[in-house]
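Comments concern the structure below.
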Amino acid sequence: MSQKDSRRYRRIPYLGVVRVGWEDAQGYMKYAQTKCVDISAGGLRIELPEPIPMGSYVTVRADRINMAGRAMVRYKARHGAKFIHGLELSQRLREQALAALGEPVQDDVPASVS
C-alpha cells in the first residue's frame with residue numbers, strides 16, 4: 001500500500017490564505033501569512049519562505065473557512081526558494097469547514113513573514 005493510500009484523511013486542494021505564528025530558535029514570536037496547498041480533517045500543507053523547525057507548535061488561522069487552532073510541524077522540505085510544511089492539527093477540522101471547500105478556493109495573496 002502506498003503512503004498516499006494509507007492516509008487517514010482525504011486531502012482537499014485549498015489555495016487559500018492561512019496565518020501562522022510560531023516561536024523561533026531565539027524565543028521570538030514570528031508570524032506569517034502563508035499560502036495553503038491542501039487541507040484535510042487532520043492537517044494542512046503550507047508554503048513559507050523560511051523553515052519552521054520540525055516538532056514546533058504553531059497557531060493557525062484560515063478566516064475564509066472559519067478555522068483556528070494549533071498544529072505541530074510534522075514535515076518540512078525545501079522546494080526551490082520556499083519551504084513546504086506539513087502541519088498536524090491538534091483537533092480535527094470541523095465538517096462545516098471541510099464542506100466550505102466543495103470547490104478549490106484560491107486567494108491571490110503572496111506568503112510573507114514578519
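Things to note:
- Members of segment 39-56 that are under 17 Å from SER90 (Cα atoms) and under 11 Å from the mean Cα position of the chain (by Cα): ILE39, SER40, GLY42, GLY43, LEU44, ARG45, ILE46
- Members of segment 37-87 found to be in a loop (DSSP other than H, G, I, E, B), small (Gly, Ala, Ser) and closer than 17 Å to PRO13 by Cα, listed by number: SER40, ALA41, GLY42
- Residues being among the aliphatic types (A, V, I, L, M) and outside any strand (DSSP E or B) - total across segment 19-34: 1
- Filter result (more than 16 Å from VAL18 (Cβ to Cβ) and free of Cβ contacts under 8 Å to residues at least 24 places away in the same chain) within segment 61-90: ALA77, GLY80
- Whenever a residue of segment 6-35 is closer than 18 Å to ILE84 by Cβ, its partners that are among the basic types (Lys, Arg) and surrounded by 10 or more Cβ atoms within 10 Å (Cβ to Cβ), lying with C-beta atoms within less than 6 angstrom and at least six residues away or across chains, give the pairs GLY16/ARG64; ARG19/ARG61; TRP22/LYS30; GLN33/ARG19.
No value in this document is a laboratory result; all are computed from the given coordinates. Please read all numbers here as calculations on a predicted model, not as lab measurements. When we count neighbours, we look across all protein chains shown, and the Cβ atoms used for this are built from the backbone with ideal geometry, even at glycine.
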